[in-house]
Amino acid sequence: MKYVIKYSPENTKEPVLADAILSTKVKVNILTARLDSEEGVMILEVLGDSKDARKIVSHLRKHGLLVEKLDGNVLKDDDCCVDCGLCVGVCPTDAIIMHDKLMELDNRKCILCRACVEVCPVKALSIREGI
Amino acid sequence: MKSIAEINEKIRRGEAVIVRADEMPEIVSKKGPEKAAEKVDVVTTGTFGAMCSSGAFLNLGHSDPPIKIQKAWLNDVEAYAGLAAVDLYVGATELSTEKGMDYGGGHVIEDLVAGRSVDVKAKSYGTDCYPAKYLETTITLDDVNQAMLFNPRNNYQRYNAAANTSERTLYTYMGTLLPNMRNINYAGTGEISPLNNDPEYLTIGTGTRIFLGGAQGYVISEGTQHSPKTGFGTIAVSGDLKEMSAKYLRGVSMKQYGTSLLVGIGVPIPVLNPKIAKCTAIQNPDIRTNILDYSVPRRTRPVLKNVSYDELISGKVSIGDKTVKTASMSSFRISYEIMEKMREWMEAKEFYLTEPVRRLPRDTVFNPMRQKKKSTTVGKLMSKPVITVNVKSKLNAVSLVLVENNIDQVPVIDDDGRLVGIVTAWDITKATAENRRKLSEVMTSNVIMSKEGEFIDEVSRRLEKHKINSTPIVDDERRVIGIITLSDINKAYRGLNK
């Protein structure tokens, strides 16, 4: 399970994630992190079952972080996409594949690296607002 | 054995047998070319991809007072106006003066075809017959007298595929190429691509009616760079933009490269005889191309592997011990739609075949440019011998070298003379302030270097990209043999431009 975590200025000073890991003993893998003193976005993969995921998510939320399941965050405009497949080659996690001449996007595998958004020649891909 | 007139008669009677190019291999292998040629009348082919040599002629009509347009912009994209007073040519790769690579001529064409209005700005020097000097207006496709899509080179029979063995990402007309050969981009639709189905130009010629951008268009002649002998044939095409659809003409932006136009083209191949039936039975495993290394920015790029379209389309190609993902720049979904659309048109008796009035050349080759003055290699311009310092030197010794030679940076070498770093006066100042003493910790180890055989154009781009003023020139053993600065290069450019 992957989650998008958003930090605000108040909680960038606290080691919220470290606390969460230590107190829940749930292992996580940080896939991407963009942090500065003001705010930040992290993508976490929770290694464990859904119970573990709930534990750590609720801990993070209790400490003021915004946590959303990473699902459906890359948006594809079907009318705009021409199914060329240029995005397939730059996707580091195989979240995008070609299947029977059509581009298929599996948001569960996505780590929001934006590589596909950047290369799309017709600008059919975008990241959902607020992420 | 069959004539185009006979096939048209069958289309008229609703009896023509029309199949897609991908269906033909099985028919020919089952029935043999003779029977296949008897049974099948037309094979449809299709492609949909970025075709940079595309553009449109527009006639705006005369303003009052009239203007002889000297310079014109459509949605801030310059259109060529060196024609009669109000004729313009907007080319697919021209960039917007305001939006840069996000919007270009290809997008202007798409906007017009989609029925959206386009802002026109124009200026002139004014003449007795055309006194107006400035013009600003807004037009739609309905407002112009003629709008002709006119593409001097479309529909390449095949393309070289692209990969990148360097350590940095490259942004090319073949898309974004990840470092260390992490992706391969290819273009063209292989066995369904029009010219692969008639490689000897037995049926495709001047006057051949085709599917172009969603309407009926025509082959004008061979395209520019037409090189049928090497399997890189092209055609020049034209059609009425007013009849076309934005579904099959799409503006595109290739990241950090520029803009282009996705063009949908379909060519009907009349199956006149067994030989043509056999040609249209071509399959992806038979169509080969080279994967080129785009990290070498030269006219001739090294071949990484010769592959078939079958391998490219499979999604993975192995090169050495690496398996590399492939990605297409052409849309197979829309290419198939184009083949189906042509079949529908013929079945609805809306599309008839034409007899070409001139055959396309089968023996032309694509020659390189005649260059009066060739670009210079950095080896010819570099300063030598180079002042260097040994990595074991003390910082005050390095300072002395900088001061005595009046330079602000110096390459650092090891005992074998190999380049290991570069150190600047600022690095030393900083180290002194921070009380650091070892040169190896003070210098920059990740040096941007060049080779003596590289053209100044490549090296100048490298300097620009890394925002640096000079680069050491090394040999194959990484030994420093010279150094070149931006001002050396600029001086050489001024010489070339004289």
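Summary of values
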quantity: Only one of B:Glu26, B:Glu34, B:Glu9 that is over 15 Å from B:Arg343 (Cβ atoms), under 37 Å from the mean Cα position of the chain (by Cα) and among the charged types (D, E, K, R); calculated: B:Glu26
quantity: Residue, surrounded by the fewest Cβ atoms within 10 Å (Cβ to Cβ), within the stretch B:222-264, restricted to residues that are within 14 Å of chain A (Cβ to nearest Cβ) and of a type in the set (Val, Ile, Thr); calculated: B:Val252
quantity: Test for B:Ile269: is it more than 14 Å from chain A (Cβ to nearest Cβ), closer than 23 Å to B:Leu202 by Cα and either modelled with pLDDT under 95 or in a loop (DSSP other than H, G, I, E, B) (or both); calculated: no
quantity: Residues of the stretch B:315-341 that turn out to be in a loop (DSSP other than H, G, I, E, B) and within 22 Å of B:Phe211 (Cα to Cα), as a count; calculated: 3
quantity: Test: residue in the stretch B:97-104 that is touching a strand residue (DSSP E or B) at 6+ places or on another chain (Cβ under 9 Å) and under 19 Å from B:Asn145 (Cα atoms); calculated: no
quantity: Subset of the stretch B:406-429 [in a loop (DSSP other than H, G, I, E, B) and among the hydrophobic types (A, V, I, L, M, F, W, C)]; calculated: B:Ile407
quantity: Conditions (1) out of contact with any strand residue (DSSP E or B) (no Cβ under 6 Å at 6 or more places or on another chain); (2) acidic (Asp, Glu); (3) within 10 Å of chain B (Cβ to nearest Cβ); number of the one not met by A:Asp83; calculated: (1)
quantity: Flag if B:Thr45 is in contact with a helix residue (DSSP H, G or I) (Cβ under 9 Å, 6 or more places away or on another chain) and hydroxyl-bearing (Ser, Thr, Tyr); calculated: yes
quantity: Positions within the stretch B:165-207 being within 13 Å of B:Asn154 (Cβ to Cβ) and away from chain A (no Cβ under 14 Å), in sequence order; calculated: B:Ser193, B:Pro194, B:Leu195, B:Ile204
quantity: Residue match in the stretch A:49-57 (condition: hydroxyl-bearing (Ser, Thr, Tyr), over 27 Å from B:Arg250 (Cβ atoms) and either within 14 Å of chain B (Cβ to nearest Cβ) or touching a Pro at 6+ places or on another chain (Cβ under 6 Å) (or both)); calculated: no
quantity: Matching option when the condition is in contact (Cβ under 8 Å) with a residue 40 or more places away in the chain, of a type outside the set (Asp, Glu) and either under 21 Å from B:Gly188 (Cα atoms) or exposed (fewer than 15 other Cβ atoms within 10 Å of the Cβ) (or both), among A:Gly64, A:Gly85, A:Gly89; calculated: A:Gly64
quantity: Test: B:Tyr159 is touching a strand residue (DSSP E or B) at 6+ places or on another chain (Cβ under 8 Å), hydroxyl-bearing (Ser, Thr, Tyr), assigned to a strand (DSSP E or B) and within 14 Å of chain A (Cβ to nearest Cβ); calculated: no
quantity: Leading residue by the ranking (nearest to B:Ser193 (Cα to Cα)) among those in the stretch B:296-342 that are under 22 Å from the mean Cα position of the chain (by Cα) and basic (Lys, Arg); calculated: B:Arg333
quantity: Meets criteria (crowded, with 20+ Cβ neighbours inside 10 Å and not in a strand (DSSP E or B)) for B:Pro25; calculated: no
quantity: Filtered residues of the stretch A:1-23 (kept if without any contact (Cβ under 8 Å) to a residue 24 or more places away in the chain and of a type in the set (D, E, K, R)); calculated: A:Lys13
quantity: Members of the stretch A:88-104 found to be more than 8 Å from chain B (Cβ to nearest Cβ) and at positive phi, listed by number; calculated: A:Asp94, A:Asp100
quantity: Condition check for B:Lys384: over 30 Å from B:Asp41 (Cα atoms), modelled with pLDDT under 90, of a type in the set (D, E, K, R) and exposed (fewer than 13 other Cβ atoms within 10 Å of the Cβ); calculated: yes
quantity: Unique residue being touching a strand residue (DSSP E or B) at 6+ places or on another chain (Cβ under 6 Å), surrounded by fewer than 22 Cβ atoms within 10 Å (Cβ to Cβ), within 14 Å of chain A (Cβ to nearest Cβ) and not acidic (Asp, Glu) when the list is B:Lys325, B:Lys305; calculated: B:Lys325
quantity: Verdict on B:Ser393 being assigned to a loop (DSSP other than H, G, I, E, B), among the small types (Gly, Ala, Ser), within 28 Å of B:Leu439 (Cβ to Cβ) and touching a helix residue (DSSP H, G or I) at 6+ places or on another chain (Cβ under 9 Å); calculated: yes
quantity: Cβ pairs under 9 Å, 6+ apart, first in the stretch B:420-448 and over 19 Å from B:Leu400 (Cβ atoms), second assigned to a helix (DSSP H, G or I) and among the polar types (S, T, N, Q); calculated: B:Val420/B:Ser440
quantity: Residue satisfying all of: in the stretch B:367-407; under 41 Å from the mean Cα position of the chain (by Cα) and hydrophobic (A, V, I, L, M, F, W, C); farthest from B:Asp488 (Cα to Cα) among these; calculated: B:Met369
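The values are calculated or read from the model by the stated rules, or taken from the named source; none is laboratory data. Quantities reported herein were computed from a predicted structural model and do not represent experimental measurements. Neighbour counts are summed over all protein chains in view; Cβ atoms, including those assigned to glycine, are modelled from backbone coordinates with ideal geometry.
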